[in-house]
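Trainee: Dropping the structure in here first, questions after.
The values are calculated or read from the model by the stated rules, or taken from the named source; none is laboratory data. This is a predicted model, so every value here is computed, not measured. So basically every Cβ, Gly included, is an ideal-geometry build from the backbone, and we count neighbours across all protein chains shown. Accessible surface is based on the protein model in full, side chains and every heavy atom, while ligands, DNA and RNA are left aside. Shrake-Rupley method; radii C 1.70, N 1.55, O 1.52, S 1.80 Å.
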Amino acid sequence: MVNQESKDRIDKYIKENPECEQRQVVPIVLKEERKEIPVYRLPIELLYYNIRNGRFAAEYKSLLKKHGGELKAENPNDAKKIKDLLLSLDLSETKVTYDDIKARNQWVPGIITEDGYVIDGNRRMAIITKLFEDTADGKFKYLLVGKPDEQIYPDDLWKLEASIQLGKDQIVKYGPINELLKLHEGISAGISTKEIAKTLYGIDD
């Protein structure tokens, strides 16, 4: 279900700030079709973390146990807990990314849904938010993101997330527990093993 209020805020911001659209696109595969979606420079305050079913699903489940219930990314206090979790994972990689973005700004766009939930780039958003907290530099109040102009339904969202985060080039970084959780999520959503194999590895036989 689309968060219409959030979508309207983002659409309004883009309309009132046309310069936020970058001369850049991100290639994705959506509904079995390769597309190039435009990249925007959007205020982080318009975006939401989305790690419930993604690369950090296992860590998110542990966070829920620690805090005794579901976290709402739209709630600033819960968003901070998610941000702190993301920053605490793989500290060496976090530091490398922190230093890189600090030195030359963000250059790899994330990807969001049309209503602002981050599909790819949750850790980058956490790091950039931390950079703003540390430096008070206004350029770190924004995230570069590719945004499709259509609603992404659950099965297509799984395929998109999985192809980005669990494809053969990223599988080592994903981790075995999160890999299994992601595969289980796809199967539970009714996606066939053939579709899963095609999404992840391009196998179509």
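Trainee: If you stretched the chain out fully between GLU19 and ASP155, how much longer would it get, using 0.36 nm times the residue separation minus the C-alpha to C-alpha distance?
Mentor: Separation in residues times 0.36 nm, less the Cα-Cα distance, equals 45.7 nm.
Trainee: While we're here: Working with all protein chains in place, sort ARG104, ARG55, ARG23, ARG34 by solvent-accessible area computed with a 1.4 Å probe, largest first.
Mentor: Descending order: ARG23, ARG34, ARG104, ARG55.
Trainee: So, one more: How large is the accessible surface of VAL25 in square angstrom, using a 1.4 angstrom probe and rounding to the nearest 10?
Mentor: Counting only protein heavy atoms, VAL25 exposes about 70 Å² to solvent.
Trainee: Going by the alpha-carbon gyration tensor, a ≥ b ≥ c the square roots of its eigenvalues, is segment 60-129 rounded (a/c under 1.5) or, if a/c is not under 1.5, prolate (a/b greater than b/c) versus oblate?
Mentor: Taking the square roots of the gyration eigenvalues as a ≥ b ≥ c, segment 60-129 is oblate.
Trainee: Mind checking which lysines have their Cα closer than 21 Å to the Cα of LYS159? Skip sequence neighbours fewer than 8 apart in that chain.
Mentor: Within the straight-line limit of under 21 Å, LYS159 reaches these lysines: LYS31, LYS35, LYS147, LYS168, LYS173, LYS182, LYS194, LYS198.
Trainee: I'd like to know which of VAL25, LEU131, THR94 lies farthest towards the positive end of the charge dipole of segment 1-134, counting +1 on Cβ of Lys and Arg and -1 on Cβ of Asp and Glu.
Mentor: Of the options given, the answer is THR94.
Trainee: I would also like to ask the following. Using θ = phi - 60° and the Karplus relation 6.51 cos²θ - 1.76 cosθ + 1.60, list the HN-Hα couplings for segment 130-145 in order, rounded to whole Hz, with x at every Gly or Pro.
Mentor: 5, 4, 5, 4, 7, 10, 6, 7, x, 5, 8, 9, 10, 10, 7, 9
Trainee: Students sometimes get this wrong: rank THR135, THR193, THR97 by accessible area, probe 1.4 Å, all chains present, largest first.
Mentor: Descending accessible area places them as THR193, THR135, THR97.
Trainee: Projecting each Cα onto the charge dipole of segment 38-114 (Lys/Arg +1, Asp/Glu -1 at the beta carbon, about the Cα centre), which of LEU63, ASN105, ALA73 comes out farthest on the positive side?
Mentor: Farthest along the dipole direction, towards plus: LEU63.
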